[in-house]
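S.K.: Got a structure here, written out as structure tokens. Questions coming.
Derivation of every value follows stated rules applied to the coordinates shown; laboratory data play no part. Just so it is clear, the structure is predicted and the values come from calculations on it, not from any experiment. Counting neighbours? That spans all protein chains shown, and the Cβs are built from the backbone with ideal geometry, glycine included.
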Amino acid sequence: MPKALWNGAVIAEAPLEATEKVEGNVYFPASAVNQAYLRASDHHTLCPWKGTASYYTLEVNGEKNANAAWYYPEPSEAAARIKGFVAFWKGVQIEA
């Protein structure tokens, strides 16, 4: 069961069949992400084929990891399968 871990906390956990893997990144369904660790960010990036990504800053045990989680609120048709999913980077460990 894939897990996203950072600063001693499980940020997300879902059965493999509930996740999506795109470009080497594991996308977790939003329902599998512990929302208590997410803080909205005003950061955005543009992917040529997925669309505009929005970000969350992680906050765990008083420490912040800026823009360490991203999602596509309105992905392109080609990336429609990751709508409602969240992926991680910047030191967040993904265990399979």
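S.K.: So which pairs qualify, if the first residue must be in segment 80-96 and without any contact (Cβ under 8 Å) to a residue 24 or more places away in the chain, the second must be exposed (fewer than 13 other Cβ atoms within 10 Å of the Cβ) and among the acidic types (Asp, Glu), the Cβ gap must be under 9 Å, and the two must be at least 6 apart or on different chains?
M.R.: Lys83/Glu74
S.K.: Out of Trp49, Trp6, report the one residue that is closer than 20 Å to Glu95 by Cβ and touching a residue at least 12 places away in the same chain (Cβ under 8 Å). Even if it seems obvious, please write down each step before you answer.
M.R.: Details: Trp49 fails: closer than 20 Å to Glu95 by Cβ.
Going through Trp49, Trp6 in turn, the sole match is Trp6.
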